Structure formats: C-alpha cells, structure tokens
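Remarks on the structure that follows.
The values are calculated or read from the model by the stated rules, or taken from the named source; none is laboratory data. Keep in mind that this is a model prediction, so the values were computed, not measured. Glycine gets a Cβ as well: all are built from the backbone with ideal geometry, and neighbour counts include every protein chain shown.
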Amino acid sequence: MGIYYQQENRIFTLHTTHTTYQMKVDAFGFLLHMYYGGKISGNMDYLLTYYDRGFSGNPFDVGADRTYSLDVLPQEYPVMGMGDYRNSALIIRNGDESECCDLRYKSHRIYKGKYGLKGLPAVYASEDEAQTLEILLEDSVSGVQVKLLYGVLEKEDIITRSAEISNCGTAGIVVEKAASACLDFVTGDYDLLSFWGRHVMERNLQRREIAHGSFGIGSRRGTSSHQYNPAVILAGKNTTEEHGNCYGLVFVYSGNFMCEAEKDQFEQTRVLMGLHSDLFHYSLEPGETLTVPETILGYTDKGLGQLSILFHRCIMEHICRGGYRDLPRPVILNSWEAAYFDFDGETICGLAKDAAALGIDMVVMDDGWFGKREDDNSGLGDWQVNQRKLGCTLKELTEKVNGFGVKFGIWIEPEMVSEDSSLYREHPDWALQTPGRKPVRGRNQLVLDFTRKDVRDAVFKAICGVLDQGNIEYIKWDMNRSISDVYSMQDKQGKVAYDYVLGVYDFLEKLIKRYPDMLIEGCSGGGGRFDAGMLYYTPQIWCSDNTDALDRVLIQYGTSFLYPVAAVGAHVSAVPNHQTGRSVSLHTRGVTAMAGAFGYELDPGELTDEERDEIRRQIRQYKKHEELIRKGDYFRLSDPFQDTYAAWQFTSKDKDRVLLNVVMLEVHGNMPVTYVKLRGLQGDMVYEDVDTGKRYYGSALMEAGMPMPMEPGEYLAWQVELTAKAKSHPV
Ligand code: GLA
C-alpha cells in the first residue's frame, strides 16, 4: 500500500520504497504541500509556518489572521488570483473575464492501479504495481473543478501527477495556463539541470542555480523540440553522479511545454512542469474538460546516476509498449546517409544483399520512395509508391529484400504536406495556415492540420494502403519542421497546439493497434521530439541527425540522464562524417553506436574488405551484449563536456556482467594515463577481463579505477567485458 489518508487531520501520504510525498487539506480547504523527498515517518505539518508578512495578502475567510497567506505557504496546485504571486500552476479566465480561481478541497478517492488519461500517453502499471489518488478541488463561484491525479508506483520509486480541469459551471471559461506538477520547497538551495540543443546537437546539459527570480525552459515549436527537452532534474548544490539528493521531472508530452523554476522572497523554491502558456487559450464550455499531460516524478538521495536508473526502468517498463518493448531490436541499415534521395529498387536490394552478408537484420528505405520526391521540396502527402523510381512494386521489393533473409522497413512523415503535391493541390485548406497571410515554410513544407479527424483519416488510409502492400516490419515516423501558423480552419483558436498533439497521438494509437508487431522508431530531424510522450508509441527514437561519433558521445550523454539507452536510435555512419566532416575510426564509431538501438547509416558497397570484416565483428559483439545494453543498469563514468574521455558502463542486474566503454576525446603529447573508475560492482567480487584473463577486485575498480592503454591516435575507444568470477579474499 503506497497511499494513506489520515481522516482526523486530512493528511495524504504517498509512500514509495524510498520516498515520501505528503500534503494536507487545511482548515480552510486549501491543499498544502508539505514534503517530497527521502522516506520519512510521521506528519510534516510542523514544517508549515505562519507569520505576518508584509504585502502578502490573506484570503478573506481567514478573517483577521494576518499570518495566513498563500503567498508564502507551499501548495500542491497554486492558482492565479488568490494572493500567491509566484508562478501559478493554473490560470483561468472566467466568463466575466476575471482571472481568479479559488480551489478548495471537495473530495478524494483512492484506488488500486494507475489512472489513465484520455487521448494522452501516461505511465501504465498493473493493479498490483500502482495505486491512484484523485483529489477533487472546486471553485464554488465559477464551478471550475480540478481533479489532481497522483499515481504511486511504490517499487519503482515513481510518483506521477496529472490534472483534469473541468468546467462544471454555467458560463464558458478559458484555461490560460495549466501545469501538471508543482514542487514547492520551503527550504534548500537547488540547481536545475536541463537539456538544451539545436538540430544535430541535441540535449547538452546545463546546470544552473535556482536563484531569486524565475526562469524557464520550454517549447513553442509545436513539438517538444531540439532546443529544450521536456525533462529536467532538480538537484542539491552538491549533488554528483554518485551522491546527493535529486528529483527528476519528465513531462509525458510531445508538444509545447514550459518548466519554470523560481526562488521566492523567503528563499523557497518552486518548480512547475506543464503546458506552455503561449499559443494556448483553451476554452472550455460548460461540461467540458481539459486533461493536462502527465509529469513523472522521481527522487533519490543517491545522486544523478541512481536517478537515471530509476527513470530508465520506469520508461522502459511503464511507458514503452508493444511487442518490441522487451525484444532485441533489429540491427538496421538505413538508406538515408547511404543514398539520400538517389536510389532505386536495385539500390535497396544492394543494401539488403550487403546487409545479409554483414549480419544486419533489416534494411530501411528512408525518404524518397513516394510521390514526386527527388529532393525535399515536393511530394510530402502523396503516400503512393513511386514504382517508376523503384522499378518494381513495393511488394516485389519487400519480397526481394526478405529473399536475402533481411527484414524491410520504411520511412514516413505523415504530419506534413509539400505545396508541390497532389494532396496540397486538392486540399490546400488541410494545412495549418493563418487566414490572409502567407505561411512560414520549414524545409519547404507545411504542416497538416492534425486537429482534424478527416485529415488524419485520409492520411491514415493512404499510409495503410502502402503498409499493406508488403511485409513491412518497421516504420520510421519523421516530423521535419517546427510548427508555425498555429491556426486551424476548424478547431477553436487557442486549442490548436494541444489538439494537434492529441491528433498525432490518436493517429499513432490507431497505427499500433492495426500493426501490433510493427517496430516504430520516432524521429523529428533526429531528436527534435525525443520525449516520453512519443516513447509511449515508439519504443525507440532516432536520437540525432548527427552521426559523428564524437558529437554523439555528447548527445547520448545528455539523453541518458532521463531516457533509457534502448530508446536511443544510434547508427555507425561513413567518414568523413556528413555533418561534421570529422573522421573517426570504425571501431570508435561502433563503440559509440552500441550505446543505443544499434545500426548503420552508410553504403557497405563503399567499404573495404577489412572494414566489412570489422563490421561483422562489430555486429557479433553488439548481439553478444545486446541484452546487457538494453536491460542492464547504465552508468555515466565521466563528464565528456569536461573530461578528456567519455566513459560509460552497462551492468547486469545481478552485477555479474559488465561492459565498460571508453572513448578518448583528446590526444596530447606525453599524455597522463586515463584511469576510469567503474561503478555499481560487487566490491567483494573478483572480475575477470574476458579478453585478457586479467583479474581485478570489484572494490579496486570502483575506488582506484582501471588504466586505459596509452596508444597514439585520435579518438581511440575500448570496450572491456568483465565477468564476476569469485569472492575476493581480503588481503
Ligand atoms: C530527417 C531525419 C533523417 C532522414 C531525413 C529524410 O532529417 O532525421 O534521418 O530521415 O529526414 O528526409
């Protein structure tokens, strides 16, 4: 049992194995937050203090008591208009244009299992794994009701939060801002770790002090974006990989989001995660409800490494779905960097033949197989196979590819339309556009109005028409621009950005229902929509369009803080690298790509025999360790933004098998030796290096580290496989 309610003092306590979350309904019916952190016993209402604070107003019904102010008290769901001047979780514009909402406790419900969200992705769990708490709050004047949802996954140390905002009044209202999680801390100094980036350089880590004032990260791009990822960490000042307290907040949503962090006048910290308030004015007629996407919360006092393990497990086992959730992912050879738009059926068969010879499982035919699509200026929306270009039907092509013993996958970009396409010529009104204005183009394409069911249905039908033609076992779902012209001919303005994302989810849900065995890989110019919302439908996402091994080390480092390695699409590509012009050895490219769902993005026909042999060895090595990589605990052993090397480690749950990976990022004359300290081993076991037979004490590897060889050369990489052999004897 994880959720407790004490009737006498109206305290809710949410326990997981190592954490506690506590809140209370006070004498006035306000829901006050009291505590979230390491597991505790007892009631934390002693933390709530009451003093007369100048310029902090007092709700009317506290009477003459000037010590009671929502400007100071920690709250579960702070609302604009009640005397709290910090960032609000909710702003409502009422029918009379007033912006106030006085939420008081009305009722609650506790039940087995984890709540679900209509039309939105959310953590799922069985009845035995989770419990739900629903707290209903109400503004008696407007009739607005807010149902706060809490999911408690006790064993996982995970608490989820969401909110349903309902207009139970008689006049229309507009939701101007809505968050799903608010964390208030009455004391403490914190840093916010966030992940910023750009196309081909996603998820760089930024650690920033939460000082006085407020700052935020977010996206107004219609997708979660390359620029800021909807996942952050709140960490104590001294928290490191191995030590210290930290909280993860992961938004399960793929559209505009906003995370705000603030330190107030009394040194109290507030962090909010929710929908972005720009481009958002969500009108609710009487009887209507808005669901705010879920935020996953996790806490540990054991440092960032442990927080990552906690979130990796939660996302792998309670967000990702479908047959491939627990299956080895096929090693893919993707045609994009091999041929770009310049291919025909023979080219794809050539790739398949090479794939078979190298041990690659699947060939993916990327962009360019449909409509009039010789470059990225036309054809999107015309989901008809270009048989003239392929020189055969899709069925024939898939049969030929399968004939080599290789699976076949295909690229699609369902949300888009080119102006130069039959679809656009027939239905120009299907694109999002602002009346009377010329649209903003991105990659010379427009965005289809996925808020509209008729548009989604037509695209769905066309795409199924393709997928049904042959044995297609994989889809790469791409989305190659940021959204502008957020205006729909049919949807209510102010709702479009949100309804668009729900439209995408609706499409994806139908797709996975119809093709339950299909592996879908998400993509948005690489990692522009790398979020937990997409992972609910696509268990892996192309991590970045940047396949340069050195840059990938950095991108994958940032990604690893909150997302599991199995979700990271990572391929070995040709050198010089097409994005950076850098040349890195095939071995180093392989080691880097093995920190993900592994594959290739090159033309094997251009490789030497030695390179082909090396690729065969690489694939054998990957397949040997595939399960360890996908299911094992992942440890970051260095900070590649600071250190001269990148190092990471996969460890089996029983800690008996270890794969250490090291990539040198710098080379200098007469270099100091690099010692890499391992983590999460059994200190009292002896581990053997499988290749050399050399033995090490677990405790020694963790305390003193392992010296890496000194060899001349740029960007060298090593993989060391260790197995636990025997209990060590103290010396
Ligand atoms: C995006 C993807 C690439 C490739 C191209 C095709 O940029 O991220 O991997 O699929 O589109 O146009």
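Some notes on this structure:
- Top-ranked residue in segment 517-542 [being within 10 Å of the ligand (Cβ to nearest atom) and outside any strand (DSSP E or B); ranked as surrounded by the fewest Cβ atoms within 10 Å (Cβ to Cβ)]: G525
- Any hit, segment 423-430, residues being part of a loop (DSSP other than H, G, I, E, B) and either modelled with pLDDT of 95 or more or among the small types (G, A, S) (or both): yes
- When segment 557-590 is filtered for residues that are under 26 Å from E241 (Cα atoms), assigned to a helix (DSSP H, G or I), more than 16 Å from the ligand (Cβ to nearest atom) and not aliphatic (A, V, I, L, M), the ones remaining, listed by number, are Y557, G558, S560, T588, R589, G590.
- Flag if M479 is within 14 Å of the ligand (Cβ to nearest atom), more than 27 Å from S652 (Cβ to Cβ) and assigned to a helix (DSSP H, G or I): no
- With respect to the stated conditions, R329 is among the charged types (D, E, K, R) and under 24 Å from N480 (Cβ atoms).
- Complete set of residues in segment 286-341 that are within 16 Å of the ligand (Cβ to nearest atom), in a helix (DSSP H, G or I) and among the small types (G, A, S): A338, A339
- All positions within segment 55-82 that are buried (at least 21 other Cβ atoms within 10 Å of the Cβ) and over 39 Å from the mean Cα position of the chain (by Cα): Y68
- Single unsatisfied condition, I360 versus (1) away from the ligand (no atom under 16 Å from the Cβ); (2) part of a loop (DSSP other than H, G, I, E, B); (3) more than 20 Å from G569 (Cβ to Cβ): (3)
- Sole residue being surrounded by fewer than 22 Cβ atoms within 10 Å (Cβ to Cβ) and under 16 Å from C349 (Cβ atoms), chosen from N402, N377: N402
- Some residue of segment 663-672 being buried (at least 20 other Cβ atoms within 10 Å of the Cβ) and under 25 Å from R552 (Cβ atoms): yes
- Boolean, R552 is surrounded by 24 or more Cβ atoms within 10 Å (Cβ to Cβ), assigned to a loop (DSSP other than H, G, I, E, B) and within 16 Å of the ligand (Cβ to nearest atom): no
- Among the numbered conditions (1) within 13 Å of the ligand (Cβ to nearest atom); (2) at positive phi, the only one that N377 does not meet is (2).
- Selection count where residues are surrounded by 22 or more Cβ atoms within 10 Å (Cβ to Cβ) and not hydrophobic (A, V, I, L, M, F, W, C), scope segment 380-399: 2
- Restricting the search to strands (runs of 3 or more DSSP E) fully inside segment 597-710 and requiring at least 1 residues that are under 29 Å from D361 (Cα atoms), within 16 Å of the ligand (Cβ to nearest atom) and not β-branched (V, I, T) gives 597-601.
- Residue list for segment 259-285, filter: part of a strand (DSSP E or B) and in contact with a Gly (Cβ under 9 Å, 6 or more places away or on another chain): C259, E260, A261, E262, K263, T269, L272, L275, Y282, S283, L284
- Leading residue by the ranking (surrounded by the fewest Cβ atoms within 10 Å (Cβ to Cβ)) among those in segment 458-487 that are over 30 Å from K400 (Cα atoms) and in contact with a Phe, Trp or Tyr (Cβ under 9 Å, 6 or more places away or on another chain): V486
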